[in-house]
Amino acid sequence: MSAKPFVWRTLFALVAVCFIGARHWLPLLPLLWAGLVFYGLCFLLYLKAFLISLTRNRRVTADLLVATVMAVSLMSGQYLSGALVAWFISMGLAVSFYMIERSRKKMQALISNREKTARVMDEGGEVREVPIEAVAENDVVIVPMGEMVPVDGEIIEGDASLDEAVITGEPYRVYKRTGGQVLSGAVNCNGQIKVRALKPGNRSFMYALAANIAESLKHKPRTEQKAEIFVQFFISGVILYALGYLFLSGFSSGDWQQAMIRMAAITAVACPCAWALAVPTAFAAALSGLGRKGVLARGGIPLEQAGLARHVVLDKTGTLTLTRPKVAQVLTMDIDPDRMLALAAAVERGFHHPIAMEIVDYARTKNAQKLNASGYAYLPGLGVKARVDHTEVVLGSAETLDSLGVILPGEVSINGRSIWVAADKEAVGVIGIADELRKSAEGVGRRFKAMGISSVCLATGDREAGEARRVAQKIGADNWHWAMGPEEKTDLVTRLANTGGVIMIGDGINDAAAMAAANVGVAVGAHQAELSVRAADIVVLNEDAALLPRLVATGRRLRRVIQINYAWAVLFNLTGIGLASAGLLSPWAAALLHHVSSVFVVANSARLALR
């Protein structure tokens, strides 16, 4: 709901309070007339809102009780009481919905409008920009350096280093040559390439994933608003009670004026300001507190859901790690370690891949001898080679070296990704490359567990089991999964959801579908991928993993505050109705106590903004 309707009601009620209040000190009748005009405008806005809700949604809302208070106060001559009630309710709701609206607008602003078009080159060599869905199969698309590949296709001209981290979870760039296939969503990091579309733009990986996310969001579970249902019965009951009291008291005593004043007191003290403010003020305070720490949420319901969660699923690449390779371990086989590092660095100097640059830097810090190499070449899959001092040196994965006939030693334990080194088809060493963990992510799984979360699971698209195991152990996850695509992550979240609420935390396109399927989706880093932000309920802007457990803690505190607010509202309303029925409260006193109740709720909720 927008804050705008409540702003108008607040203004009209405030002007009415000012004019009617001034009439008590200045005996000028025009002041009362002016106040009653704005009083009437505010009343009509509440009445209109109630009738729209009743006819369209078949719901009785608090608008009815506010309108009733204003009508009875008007008939009994208690104009100021009615105006004060309308002003306080309107102001509280306007502030609350403004806070929620502001948070949602900030999240919407993160969803960029770039990469919605593709540069298609026709047979004459002319390039035109068209919507991605207008790209046809076999169209040739130009992808300049720094831009996202808009379609699934095959490179027909040029070589490029592609960042596929947000799609596959692989932390490092992948080199693709002419003839290589690319997926939409990958970012071209160097050089311009021409891609022939293998399927229409509206059937590409990105479009299909966006459609799945939209469908998941339609069926995403939301908290049942039991309190709202209770309020509907409460409002109807208060109206019936007040009307019954009016007629019984009026007929029995014959003093209809006094009966109407007491009815005004009953409706004034029972007007559910505390009920109306219990949830919105708590939501607004929680959103404000998190907003100062760089966390945005689409509202309070995702925070409530986070407080109920039993499972947490964490992506690795970019979420917990910096996607920055670091040499974590070096093992050699019958060769001097410095010699092995010198051979590896000599080969990697011919390439600009992040892993290559890290190996060269590491060899430099170890004062390894600088050797010359020639005949640099990429190997199919994950590997490179060159000749160093008449020796053919190959660096690559175990699978790459195995395909070249290199026999690898068994039972070698490596921390992180294994880069094997072979000289003249003989394995001479292995270098363990680790994706550097964010300092704030150290032990984050253990912090979740300490809060009572049943299971913490690491789910990464990284194809290295050793790297997944290393990060899972560092953060304190219960289990880990690797080489997971969007469908596998979504299936995992769905399975866990059968045994309790799930929070899915990620940063890439391959996390978006799982975020949409989870009870709460959390995107870490606003710059990563539009689809992940679009699918997320909560965005952690500053990529601080230490804030993730705080979301659960805030959700639990939010639920406790709301429960206290509702308990107070029940106690206060029942007590107030009893006192008003006994004639112990005038409409003025009822309005005053009513405001005290509301102030308590607002003050109790404000605690969420202070932590």
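Structural remarks
- Solvent-accessible surface (1.4 angstrom probe) belonging to SER605, in square angstrom, nearest 10: 0
- Calculated FRET value between SER440 and SER2, using beta carbons and R₀ = 35 Å, to 0.05: 0.45
- Each residue of segment 451-459 is assigned a 3J(HN,Hα), and the resulting list reads 8, x, 5, 5, 8, 10, 10, 9, 10 Hz, derived from the Karplus form 6.51 cos²θ - 1.76 cosθ + 1.60 (θ = phi - 60°), x at Gly and Pro.
- Between GLU137 and GLN329, the simple label model (points 7 Å from Cα in the Cβ direction) yields a spacing of 4.7 nm.
- Residue order by solvent-accessible surface for ASP122, ASP152, ASP491 is ASP491, ASP122, ASP152, largest first, with ligands and nucleic acids left out and a 1.4 Å probe.
- Efficiency of FRET from Cβ geometry, LYS293 and ALA582, R₀ 30 Å, rounded to 0.05: 0.05
- Distance (nanometres) between label positions extended 7 Å along Cα→Cβ at VAL37 and LYS425: 9.9
- Amide H to amide H distances under 5 Å link TRP480 with LEU458, where only residues 5 or more positions off or on other chains count and H is placed in the peptide plane.
- Solution diffusion estimate, µm²/s, Stokes-Einstein, segment 230-328, Kirkwood Rh from C-alpha pairs, 20 °C, viscosity 1.002 mPa s: 116
- Segment 541-610 and segment 442-504 have Cα centres lying 36 Å from one another.
- DSSP-defined antiparallel bridges as percent of all bridges, the chain, nearest 5: 75
- Potential lengthening of the chain between ASN479 and LEU574 amounts to 29.1 nm, from the contour at 0.36 nm per residue minus the alpha-carbon distance.
- SER288 - accessible surface, heavy atoms, 1.4 Å probe, Å² rounded to 10: 30
- Against the criterion of solvent-accessible heavy-atom surface with a 1.4 angstrom probe, ARG495, ARG557 sort, most first, into ARG495, ARG557.
- Efficiency of FRET between ARG387 and ASN415 - r from beta-carbon atoms, R0 35 angstrom, step 0.05: 0.70
- Amide H contacts under 5 Å for VAL330: GLY432, restricted to partners 5 or more places along the chain or on a different chain, H placed in the peptide plane at 1.01 Å from N.
- Put a dot 7 Å past the Cα of ASN367, heading toward its Cβ, do the same for LEU408, and the two dots end up 3.3 nm apart.
- By the combined test of axial Cα extent (at least 18 Å) and Kyte-Doolittle hydropathy (mean at least -1.0), the qualifying DSSP H helices of the chain come to 4-25, 29-52, 62-75, 79-110, 205-218, 226-253, 256-270, 273-291, 548-581, 587-606.
The values are calculated or read from the model by the stated rules, or taken from the named source; none is laboratory data. Being a predicted model, the structure only gives us computed values, none of them experimental. Glycine also receives a Cβ, built like all others from the backbone with ideal geometry; neighbour counts cover every protein chain displayed. The area values use the complete protein model at the heavy-atom level, side chains included, leaving out ligands, DNA and RNA. Shrake-Rupley method; radii C 1.70, N 1.55, O 1.52, S 1.80 Å.
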